[in-house]
Every structure is written in C-alpha cells, then in structure tokens.
Amino acid sequence: MRVLGIETSCDDTSVALYEDEGGVAENLVSSQVDLHDVFGGVVPELASRAHLVNLLPLIDALLKRRELTLADLDGVAVTAGPGLVGALLVGLSTAKAVAMAADLPLVGVHHIEGHILANHLTAPMVLPAVVLVVSGGHTEIVHMPEVGRYERLGGTLDDAAGEAFDKTAKLLGLPYPGGPQIDRLARQGKPGRFSFPRPLQHDPRIVFSFSGLKTSVRQACDGLPRPLADQDIADVALEVQEAIVDVLVLRLFQAARRKHVQAVYLAGGVAANGRLRERTAAEAVRRGLHFLPPERVYCTDNAAMIACAGWHHLRAGRRDGLDLDSFARAPLASWR
Ligand SMILES: Nc1ncnc2c1ncn2[C@@H]1O[C@H](COP(=O)(O)OP(=O)(O)OP(=O)(O)O)[C@@H](O)[C@H]1O
Ligand SMILES: [Mg+2]
C-alpha cells in the first residue's frame, strides 16, 4: 500500500509518500517562514494563499521524483485539524480532488496523531507508552496502549511549550520561530546567572503552566544593558530552556510511573530540542525505560507523519467520505 500524505495545518506546505516496505519514500516541505517572519508570527490569510500556490506543484514534483502517477497510489491522507481552518481547507479540498479523480480512499488525520506517529518513522514504536506532545499549539501527555488508542493524562493550563520558547525568544530580540534559536544559543550560555520559576512543580496533577515565564524573562531583561549583549542573551536562553525542560521531563516520567509503561516518547516541534532529548534519554536510562527520539526533520510539521498515520487508518479499514470537514480544535480521539 502506498499512501499520499498532505499537511497544510499551519505555515508549512508538505506532501509525502508512505509505503508498506521502507516507510517514508519521499517528504517535501515548502516552508513559509520568510513570508511570516516580518510579522513576528503566522498570518492565517497569507498562509492559506501560499498553500494554494504551493500545494499542487509540490504533489507534481513528488510524483515526478518517484516516476509515479496518481494511478500508483492506494490512498490519500490529509490533516483535517486542529489548525488554521483556511489553511486546512486548501489541503482538504486538494486531497478530495485527488481521491475523486483517481478513485482512491480518503482519510482525515488528527494533526497530533501525526506528530505522535512521527516516532513510528524511526522504528516501530514500543507500546504501551506515554508520549509528551510538545508543539507550537499543544503541550500534553498522552497514554497510548496501541496505535489508534489515545488517553489524555493532562496538559498545559495556558501557553504551549513551543509558544513559551517563541515568546521568550521574542523578548530577547530573536527571530521567529524562537525555539531553535534558544536551543542553539543556550549552548553558549553560562549557568547560574538567572533563575526562572517552575510553576505547579508540586501539584500532584499532570499539569503545566508557562504563561508566567514571559514576565520573569522580561523582568530579568529589564535589569540588563541595552542592546542586549550576546552573552546575556545566551545566559537567559540557557535558563529559559532549563525551566521549560525541567517540568516537561518531570511530568513525562510521572505519567510513565502512573501508567506502568515501558516506553516514553517525545512528539511535536519542541521534541527537536537538544536539551529535552538529552534529559529524557538520561532519565529513561536511569529508570530502565525504552526511549528513542524522533528524527529532527519529522518533529516539526511534515506530511510524512500524516501519510504514516493515514496508512494505519487505511490498513485498519477506516476511511472518510467526501463530506470530511476541517476543524480548528478538537481533542485527539481514539479511532480503534
Ligand atoms: N530545537 C527546538 N527547541 C525548542 N523548540 C523548538 C525547536 N524546534 C522547533 N521548536 C518549536 O516547535 C514549534 C513548532 O512546532 P510544530 O510545527 O509542531 O507546531 P505547530 O504545528 O505550529 O503547532 P501544533 O502542532 O500544536 O498545531 C515552535 O514553537 C518552535 O519554536
Ligand atoms: Mg504541528
């Protein structure tokens, strides 16, 4: 079975092929970072228009690279949500058109299931597991007994971890998206000069809160000479990253203990963070749990993870009709 994946939930247009043997055959991403950079964040209307311009040529390029036609496909998987509805609709309409034209089964995928199954692209996931989903819009912990069954154990009460990276990076004058910048600059940082809070650390629930971090960082920056020196930025970046990673790791292993699982996973854009991967790996070894980080290219938005999720749906006999609709938000539901 060969599945075409389409992802247009935010500011990346991506198409991919996932096959029975070999997994990801191709994954193309057309980034819109330069388009939105001047605005300091994603402008939904611009994102939709760029998807409209980029998507069909990207599908053409994908098929040409593999010397395939639509007749060589066995199904189409598309992100139905959550995300920017206008952006999602471009992917959804295109997926329906391809499915109709080539008489292929169509399946809608929840974007967060895609992020979780990005782990499957590295090696078959060891299940049951708990997964820390950390992206631009989500921060939650999911118990996953098998592919298609998801139980949300807890999550953030306010900002997502990716948002916390991006907003604090903005205070430091760094370009969008700020997460990769903080990751890079923190390596040059000296520890101990600043200290940021770990809210709800002693709360027995699986909860996070990141909205207060911005105020603490702003206060720390207020005491520094302007323009900020490179070393000051690096020192703040290091402690911001420590504060975020500390609570993420704490909750992930609290959940693993509660559910008696043998494996933990990271998913979403923040899963690319070097310090989070390093700390999770060390803690997993200490507790005798299985952990393999997802490949960095499959952490941020991509269609390979959507094609892989769609492949699982189709193999289980699930498919959607042409009335499949997009949604701005909805919790990840089990389908098996
Ligand atoms: N190395 C990194 N360290 C920390 N954060 C990172 C790193 N790389 C990417 N990020 C963050 O990941 C986020 C983007 O991830 P992703 O593409 O999964 O989010 P999204 O699709 O916008 O949100 P969602 O998946 O919740 O809809 C951004 O907030 C970005 O700053
Ligand atoms: Mg995403």
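Data for the structure
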| quantity | calculated |
| --- | --- |
| Any hit, the stretch 234-255, residues being surrounded by fewer than 14 Cβ atoms within 10 Å (Cβ to Cβ), out of contact with any Leu (no Cβ under 8 Å at 6 or more places or on another chain) and modelled with pLDDT of 95 or more | no |
| Filter result (out of contact with any Gly (no Cβ under 7 Å at 6 or more places or on another chain), of a type in the set (A, V, I, L, M, F, W, C) and under 30 Å from residue 226 (Cβ atoms)) within the stretch 115-173 | 161, 164, 171, 172 |
| Failed item, numbered, when residue 159 is tested on (1) within 14 Å of ligand 2 (Cβ to nearest atom); (2) in the same structural domain as residue 258 (by TED's automatic domain parsing) | (1) |
| Residue match in the stretch 209-228 (condition: in contact with a Pro (Cβ under 7 Å, 6 or more places away or on another chain), more than 14 Å from ligand 1 (Cβ to nearest atom) and assigned to a helix (DSSP H, G or I)) | yes |
| Which numbered condition residue 178 fails, given (1) farther than 18 Å from residue 216 by Cα; (2) without any contact (Cβ under 8 Å) to a residue 24 or more places away in the chain | (1) |
| Residue 205 vs. criteria within 20 Å of residue 269 (Cβ to Cβ), modelled with pLDDT of 95 or more and loosely packed, with under 14 Cβ neighbours inside 10 Å | no |
| One residue from 117, 153, 132 being in a strand (DSSP E or B) and either under 20 Å from residue 297 (Cβ atoms) or of a type in the set (Val, Ile, Thr) (or both) | 132 |
| Flag for residue 188 being outside the structural domain of residue 36 (by TED's automatic domain parsing) and surrounded by fewer than 18 Cβ atoms within 10 Å (Cβ to Cβ) | yes |
| Any hit, the stretch 75-92, residues being within 15 Å of ligand 2 (Cβ to nearest atom), in a helix (DSSP H, G or I) and among the small types (Gly, Ala, Ser) | yes |
| The stretch 121-149, residues that are more than 18 Å from residue 15 (Cβ to Cβ) and within 16 Å of ligand 2 (Cβ to nearest atom) | 131, 132, 133, 134, 135, 136, 137, 138, 139, 140, 142 |
| Residues of the stretch 281-335 that turn out to be among the hydroxyl-bearing types (Ser, Thr, Tyr) and surrounded by fewer than 21 Cβ atoms within 10 Å (Cβ to Cβ), as a count | 1 |
| Some residue of the stretch 92-109 being under 20 Å from residue 136 (Cβ atoms), out of contact with any helix residue (DSSP H, G or I) (no Cβ under 8 Å at 6 or more places or on another chain) and buried (at least 21 other Cβ atoms within 10 Å of the Cβ) | no |
| Which numbered condition residue 205 fails, given (1) part of a loop (DSSP other than H, G, I, E, B); (2) in contact with a Lys or Arg (Cβ under 7 Å, 6 or more places away or on another chain) | (2) |
| Selection count where residues are among the β-branched types (Val, Ile, Thr) and within 16 Å of ligand 2 (Cβ to nearest atom), scope the stretch 165-220 | 0 |
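The values are calculated or read from the model by the stated rules, or taken from the named source; none is laboratory data. Bear in mind the structure is a predicted one, so any value in this text is a computation, not a measurement. Heads up, the Cβs are rebuilt from the backbone with ideal geometry, glycines too, and the neighbour counts pull from every protein chain shown.
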